[in-house]
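This report concerns only the one structure given below.
The values are calculated or read from the model by the stated rules, or taken from the named source; none is laboratory data. Not measured: the values here are computed from a predicted model. Cβ sites come from the backbone with ideal geometry, for glycine too, and all protein chains shown count toward neighbours.
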Amino acid sequence: MFAFNLAPPAAAKKLPRYPVLPAMLIGRLAIATKRQGQGQGLGRALIADGIIRTESFRIDAYALIVDAKDERARIFYAANGFASLPDEARRMFLPMATALQLV
Ligand SMILES: CC(C)(COP(=O)(O)OP(=O)(O)OC[C@H]1O[C@@H](n2cnc3c(N)ncnc32)[C@H](O)[C@@H]1OP(=O)(O)O)[C@@H](O)C(=O)NCCC(=O)NCCS
């Protein structure tokens, strides 16, 4: 679950006033070592797959959440539309409304 009071102000303005919101946590996301960083968009394709699957579950998730495991991963997610929560740079979120525009 995604805690409403952790949302940054810009996003919080658009949120319904519930104490928590449903979200989908991306547990592990990785591609084969030899395919990483080759500009093939495989990591981006995995994010797109997560967006489509989340939508298909019909749980009305507000956002995708991920805990970037290191700074390199944080930059990857930021390059793909995720924003960091205040004081928790590695915990990042992508609103589903935004995500669905990307796929
Ligand atoms: C992170 C990972 C999934 C990225 O996959 P990838 O196929 O190399 O990345 P993509 O080709 O899909 O890149 C998508 C976009 O992110 C950017 N990007 C990818 N890795 C980046 C990095 N380390 N730093 C900055 N930007 C990055 C790309 O430039 C691209 O943007 P662009 O199209 O505007 O140029 C992959 O490197 C991986 O499996 N890493 C090891 C596991 C890991 O760290 N997973 C995250 C766990 S939280």
> From the set of residues in region 44-60 that are more than 11 Å from the chain's Cα centre (by Cα) and of a type in the set (Gly, Ala, Ser), which is farthest from the ligand (Cβ to nearest atom)?
Replying inline: Ser56
> If the Cβ limit is 9 Å and pairs must be 6+ apart or interchain, which residue in region 15-36 that is within 16 Å of Asp60 (Cβ to Cβ) pairs with which residue that is at pLDDT 95 or above and within 8 Å of the ligand (Cβ to nearest atom)?
Replying inline: Leu25/Val66; Leu25/Asp67
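Within region 53-63, track down each residue that is part of a helix (DSSP H, G or I) and surrounded by 12 or more Cβ atoms within 10 Å (Cβ to Cβ). Working first, answer last.
Taking region 53-63 as the starting set, the residues that turn out to be part of a helix (DSSP H, G or I) are 53-56.
Across region 53-63, the qualifying residues are Thr54, Glu55.
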> For Pro16, all conditions in the list (1) more than 11 Å from the ligand (Cβ to nearest atom); (2) more than 11 Å from the chain's Cα centre (by Cα); (3) modelled with pLDDT under 95; (4) surrounded by 11 or more Cβ atoms within 10 Å (Cβ to Cβ) hold save one; what is the number of the exception?
Replying inline: (4)
>> I'd like the full set of residues that are under 13 Å from the mean Cα position of the chain (by Cα) and not in a loop (DSSP other than H, G, I, E, B), limited to region 20-39.
In response: Ala23, Met24, Leu25, Ile26
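How many of the residues in region 64-73 are within 11 Å of the chain's Cα centre (by Cα) and buried (at least 17 other Cβ atoms within 10 Å of the Cβ)?
Kept after step one, since they are within 11 Å of the chain's Cα centre (by Cα), are these residues of region 64-73: 64-68.
Okay, now just the ones that are also buried (at least 17 other Cβ atoms within 10 Å of the Cβ), so 64-66, 68.
Of the residues in that region, 4 qualify.
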